Amino acid sequence: MVMIFSRARMALVEGHCSPTPRPVQRPGTPRKGSDLLFFEKSRSDPFLKGRLLTAPGTCATMNAHRDAMKGQRSIKDLKTACLINPRAANSKWTRRRLLRTYLQRKLPGEIYDGLGDTRTTVEKAAIASRGADVIVAMGGDGTIADTLQGIFEAGRQGKVLFGVIPFGSGNAFRKAFDIPKNPLRAIDRLAEGIPLAIDLMEVEGRVAAFASIGATARVTGEKLRGRVHGLWGHVLAGRRLFDTPVDEKTLEFQEGHDESGPFETRTVTSSFFDCLVTKTNYFGYSWRIAPEAVVDDGYLDVTLFEMRPVKYALFFPLIYFGLYQRRLRHFKAKRVVISGRDLPIQFNGEFLGDRDRIEFKVLPRAIRMVIPPTKRARKHFQEHSA
């Protein structure tokens, strides 16, 4: 009896969270729900060599990640390249020597802080990703978008890990993955972080996590053209909401589902005021714009705001907290094409301009995002993952 109890206790200590045996599964086959997401065994990957990645929030996750860290190289031990937007957060980077020193101590590696325009950031991200194991974007959503673009243009999205240190006015990524707002704490979390695969999407050849067509895109364009930055820039640009046209548009969906069930193709017409196509739940400033978006389900999340500007403004508090969206038409699809006349478009907080046709497609499990190793972050990720 003592021997049986001892063996059972040893099995539990070794990471078997339940004594109930599981059915045998073919190696490499993903499990559903909160079981194993994928098994990756690659000699070329310095961090995930022989690691078992599991769904966050499960007992298996905590055991697997804790055990994997023993004898394996952590994030801080890998070769890191950090791309920094020195203009983000009102140019605080140039004034905070402590932050620079702390970053170099916790994440030693190359620092690219002479970023200029979008193209320069993309090119430097591409160069950095060819020689580093971890690419870190330090800035707002624009810096994150440009860094991701550089990684993809270099063809390194399957080879590097991607991390974020929030240092901008918006930063939807921070909220979406429960990354601390304080840069010093974010650096700490990143140094001990856990890589998990997430979806992204492609917008006219650009990589993005969220986009909008219509009113919010028009406001974004107005804000970027203005002289006032940050939150107040968006507030002042909000006047453009009331001159956004609500003429008819056509939306074509492929391989998706809505409240009526799954479909291969579906075409709908709408005079939407605003349309959200996204993989993450948040816009900048903690705006919970897409509460039903899932970061790793393989689908784009599409929400149609079919209302007049006055009604949108009236119900904005409910829209901000994601409460009104349950009343709206909602779709999931792998590819979306929207056609209309002079449609304003923004992605990741960057204004793309006006187009008559725009195409979106999902990029499933596109990159491995480093999330904080905390229980709260794992729970947050689990709530917004498949």
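Points worth noting:
- Note that segment 206-363 carries a Kirkwood radius of 15.6 Å, evaluated over its alpha carbons pair by pair.
- Other residues whose C-beta falls under 10 angstrom from the C-beta of Val268 contribute a net charge of +1, scoring Lys and Arg +1 and Asp and Glu -1.
- Mean separation of Cα contacts under 8 Å, 6 or more apart, over the residue count of segment 75-192: relative contact order %: 30 percent
- Per-residue ³J(HN,Hα) for segment 97-113, Karplus 6.51 cos²θ - 1.76 cosθ + 1.60, θ = phi - 60°, Hz, x for Gly and Pro: 5, 4, 4, 4, 4, 5, 4, 5, 6, 7, 10, x, x, 6, 10, 10, 10
- Along segment 348-361 the Karplus relation, 6.51 cos²θ - 1.76 cosθ + 1.60 evaluated at θ = phi - 60°, assigns HN-Hα couplings of 6, x, 10, 7, 8, x, 9, 9, 8, 8, 9, 10, 10, 9 Hz to successive residues, with x for each Gly and Pro.
- Electrostatic dipole magnitude of segment 267-310 [Cβ: Lys, Arg +1; Asp, Glu -1; Cα centre; debye, to 20]: 180 debye
- As a proxy for reagent exposure, Leu99, Leu184, Leu300 were ordered by neighbouring Cβ count within 10 angstrom, fewest first; the result is Leu184, Leu99, Leu300.
- Ser74, Ser129 arranged by Cβ crowding within 10 Å, fewest neighbours leading: Ser74, Ser129
- Averaging Cα coordinates gives a centre for segment 123-159 and one for segment 209-268; these two points are 26 Å apart.
- Applying a threshold of 32 Å to the alpha-carbon distances of Lys124/Lys181; Lys124/Lys311; Lys76/Lys223; Lys223/Lys361 flags Lys124/Lys311; Lys76/Lys223 as lying beyond it.
Any read-out appearing in this document is the output of simple, stated calculations on the displayed coordinates, not a laboratory observation. The shown structure was predicted, so the numbers you read here are calculated from the model rather than taken from an experiment. Backbone-built Cβ (ideal geometry, glycine too); neighbour counts: all protein chains shown.
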